[in-house]
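Participant: One structure, pasted below without further comment.
The numbers here are math on the coordinates, done by the rules we state, and not lab data. Computed from a predicted structure; not experimentally measured. FYI the Cβ positions are ideal-geometry reconstructions off the backbone, even for glycines, and counts take in every protein chain you see.
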Amino acid sequence: MKVFDTNVQLIKYNILKEVIKKAYADDLVNAYSEIPKIISPGPKAEYRCCIYKERAISQERVRMAMGGNKDNPNVVEVIDIACDECPTGGMFVTPACRGCIQHNCMSVCPRGAISIVDKKCTIDSSKCVECGKCTQACPYGAIIAQHRPCVQSCKVKAISMNEEKQAVIDNNKCIACGACVYKCPFGAIVDKSFVLDVIDILKNSENNTKYKTYAIIAPAIVSQCRYGRVSQVVTAIMKLGFHQVVEAALGADITLYREAGEFKEKGIMTTSCCPSFVAFVEKNFPELTKYISSSDSPMIETARLIKHSDPTAKIVFIGPCSSKKMEFRLPKTHGLIDCVMSFEELQAFVDAKDIDTTLCEDTILDNASFYGRIFAKSGGITRGITDVAKDMNVENLSPVAMNGIDECRANLTKLKFNKSTDNFFEGMACDGGCLNGALCLNHGPRNLQDVDKYGLEAKEKTIENSVKLYKLNS
């Protein structure tokens, strides 16, 4: 069964696995020189022009696996040497152009960028604004819009090209959603890994005698279990050295309860669970930040419960998104999370330690309710808030689930200009929700089915017990 969607993910996994092995062997000093040769043994290159370039790129991937550029606050970086194979983009005339007499393409161009040379359409790129009108006007479909995958995937226009035709990320616009990481066909855009910090946390605990280590797992993990059951993956995580594994869905229950109460006071509100969505509002709709829920994300709520019972605990969140790597370092999280690891990194970690998930015994988790577990999908919060609002006597609730940044932009624009009939806005940066996060091993319809099933398996169908725990620790 295929573990990863793409070969780019496979290469990233192999790099991470070797770095983890080196870390446990106390041999990181040789990581830059030895790992590229393991990944690209040669003598012929598999993906690039020559073995030397392939290894040079692998060195940069090793750097990212070891934390990346410490001076760059963004968790997403461009590997310049790997970013040189894509066309720069723009409007492109294909051989399908028949040199027709109508010249509709010329007629609709607002900038006069199109002329007819030797009976063929020609586009002056210095005048073209890439409006796309010519693509629609051509009766043969001979003109196409050719955009780089990273640019096309970035819904906040944070990516541009420099003079060397390499991608550049504008940190002032970037919301760390990781869409470009998943969509770049050459793996030239990568998320920083903090897996070495996780290893230090585990090592320094001295088998949980100096302090206890906890792993918080996002509910989307159920869709990533291609080898073994989720209960076996929980056991595998504990075999890595964690004292206990807790569901982030527990915090999701608490967040749902708090949001329902907050909405009762505000009357208009957006969710705060997705850090990329929150960043999107802050950077693109600053006048709407007053509507963002003050509730912490499920990751933070769960960590707060753990720290309340064990103040010296070290906590690692394991999830599907790059934006959690941004969130845990924000001042507003108060240092409750010590590190974040992705599902991709978890797979590499388990395999580097030679743990066969399929042979692990079952460790059943039942920390959360049905509602907490379905937070992983777009619409999960909306469904939860609708039902919880009834129990809490919250009236006049009109929720909308905004699936992906495009829908978020459209609905927030309505809110900005007082044109919206809705008053509770669930925002998810990733299409489909967390179950399709950029750092998932795989993406697709099955993920939704897995999350729904996982939610139904929860013994608690309401958030009552989670709320009791929250009130007890408040």
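Participant: Based solely on C-alpha atoms, express the radius of gyration and the Dmax of the range 90-146 in angstrom.
Facilitator: Computed over the Cα atoms of the range 90-146, radius of gyration and Dmax are 9.7, 25 Å.
Participant: Taking other Cβ within 10 Å of each residue's Cβ, how do His443, His103 sort, fewest first?
Facilitator: Going from sparsest to densest Cβ surroundings: His103, His443.
Participant: Can you tally the net charge around Arg98? Count Lys and Arg as +1, Asp and Glu as -1, for every other residue whose Cβ sits under 15 Å from the Cβ of Arg98.
Facilitator: Result for the neighbourhood of Arg98: +1.
Participant: Starting from the Kirkwood radius over alpha-carbon pairs of the chain, derive D by Stokes-Einstein at 4 °C in a medium of 1.567 mPa s and give it in µm² s⁻¹. Let's see the in-between values first.
Facilitator: Numbers: Rh = 24.0 Å.
For the chosen part, D equals 54 µm²/s.
Participant: Return the long-range amide H neighbours of Met428 (sequence gap of 5 or more, or a different chain), with a cut-off of under 5 Å between placed amide H atoms.
Facilitator: It is Met402, Gly404, by chain and number.
Participant: Give me the distance between the Cα centres of the range 134-205 and the range 264-340, rounded to whole Å.
Facilitator: Centre-to-centre (Cα) distance: 23 Å.
Participant: Give me the Å³ per residue figure for the convex hull around the C-alpha atoms of the range 195-473. The partial results should precede the final answer.
Facilitator: Details: hull volume 32.8 nm³, N = 279.
Dividing the Cα hull volume of the range 195-473 by its residues yields 118 Å³.
Participant: Here's another thing I want to ask about it. Karplus couplings for the range 246-256 from phi (6.51 cos²θ - 1.76 cosθ + 1.60, θ = phi - 60°), rounded to Hz, Gly and Pro as x?
Facilitator: 10, 6, 5, 4, 4, x, 5, 4, 5, 4, 4
Participant: Excluding Asp200 itself, what net charge comes from residues whose Cβ is under 11 Å from its Cβ, given Lys and Arg +1 and Asp and Glu -1?
Facilitator: Result for the local shell: 0.
Participant: Can you pull the three principal axis extents for the Cα set of the range 1-66, in Å, largest first?
Facilitator: Taking the Cα atoms of the range 1-66, the three principal extents are 32, 31, 18 Å.
Participant: Here is a follow-up. Provide, in order from the shortest bin, the percent of all Cα-Cα pairs of the range 213-296 in each 5 Å bin, continuing until the bin that contains the maximum pair distance.
Facilitator: Per 5 Å bin, starting at 0, the Cα pair percentages come out as 3, 13, 18, 16, 14, 13, 11, 8, 5, 0.
Participant: Normalised radius of gyration for the range 368-414, please: alpha carbon Rg relative to 2.2 N^0.38 Å, two decimal places. If you can, show how the numbers build up before the last one.
Facilitator: On the way: Rg = 12.2 Å, N = 47, 2.2 N^0.38 = 9.5 Å.
The reported ratio for this selection is 1.28.
Participant: Provide Thr386, Thr255 in ascending order of the number of other Cβ atoms located within 10 Å of each residue's Cβ, fewest first.
Facilitator: Thr386, Thr255
Participant: Take peptides 305-314, 194-203, 391-400 and line them up by average Cβ neighbours within 10 Å, highest first, as a rough protection proxy.
Facilitator: Taking the mean over residues of other Cβ atoms within 10 Å, the ranking is 194-203, 305-314, 391-400.
Participant: Asn30 to Asn207: FRET efficiency via 1/(1 + (r/R0)^6), r the Cβ-Cβ distance, R0 22 Å, to the nearest 0.05? Walk me through the numbers before you get to the answer.
Facilitator: Details: r = 27 Å, r/R0 = 1.23.
For R0 = 22 Å, the calculated efficiency reads 0.25.
Participant: Counting only other residues whose beta carbon sits under 12 Å from that of Thr312, what net charge do I get with K and R as +1, D and E as -1?
Facilitator: Values: positive: Lys210, Lys212, Lys307, Lys314; negative: Asp310, Asp338.
Taking every Cβ under 12 Å from that of Thr312, the sum is +2.
Participant: If contacts are Cα pairs under 8 angstrom and at least 6 residues apart, what is the relative contact order of the chain in percent?
Facilitator: Numbers: 869 pairs, mean separation 83.0, N = 474.
Relative contact order comes out at 18 percent.
Participant: While we're here: So what is the relative contact order for the range 90-146, in percent, with contacts set as C-alpha pairs under 8 Å and at least six apart? The partial results should precede the final answer.
Facilitator: Details: 89 pairs, mean separation 27.8, N = 57.
Taking the mean separation of contacting Cα pairs over the length of the range 90-146, I get 49 percent.
Participant: Which translational diffusion coefficient, to the nearest whole µm²/s, is obtained for the range 322-364 from the Stokes-Einstein equation, given a Kirkwood hydrodynamic radius over C-alpha pairs, 20 °C and 1.002 mPa s? Mind showing how you got there, number by number?
Facilitator: Values: Rh = 12.6 Å.
D = 171 µm²/s.
Participant: Follow-up. As a footprinting exposure proxy, order Phe349, Phe317 by other Cβ within 10 Å, with the fewest listed first. Can you show the working numbers first?
Facilitator: Values: Phe349 22, Phe317 27.
Ranking Phe349, Phe317 by Cβ neighbours within 10 Å, fewest first, gives Phe349, Phe317.
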